[in-house]
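Single-structure report; data block below.
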Amino acid sequence: MVLVAFMVDPGWASAAGYSAGIVVHWFISSSFVFPGKERGGAALHLQRLGFIGTAILGLGITVSVVSGLSSAGVQPVIAKAAAVAVSFFAVYLTRKYGVFR
């Protein structure tokens with residue numbers, strides 16, 4: 001919302017915010033949400049690639065929802081709230097049953 005206040009397009013602002021959270025989310029997911037599921041060696045690299053893939057999925061969902069709803073006249077804060085809900089469930093389920101299984 002800070003970027004939107006500085007006249008940044010809501011879609012780009014949501015991309016920046018989501019991207020900033022990806023690194024933090026890796027540490028949260030591997031340490032607290034799915035403890036004991038982090039792998040080692042080559043498997044760790046594959047897990048990280050899966051995590052990055054799901055991050056890109058979530059980023060795409062977030063930008064699409066925010067951009068689409070904003071273009072339809074929905075306030076950016078409402079559009080972002082909708083995007084959070086949709087991307088959270090999609091990414092969580094993909095990580096739970098794929099990346100951190």
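Here are some notes:
- Per residue accessible area of the chain, 1.4 Å probe, in Å²: 61
- Apportionment of accessible area to carbon and sulfur, the chain, percent (1.4 Å): 74
- Debye log10 I(q)/I(0) at q = 0.14, 0.19 Å⁻¹ for region 52-101, Cα point scatterers: -0.35, -0.57
- Taking the chain and dividing mean pair separation by its residue count, relative contact order in percent (alpha carbons under 8 Å, at least six apart): 33
The values are calculated or read from the model by the stated rules, or taken from the named source; none is laboratory data. Nothing here was measured: the structure is a model prediction, and the numbers come from that model. Accessible surface areas use protein heavy atoms only, side chains included; no ligands, DNA or RNA. Shrake-Rupley method; radii C 1.70, N 1.55, O 1.52, S 1.80 Å.
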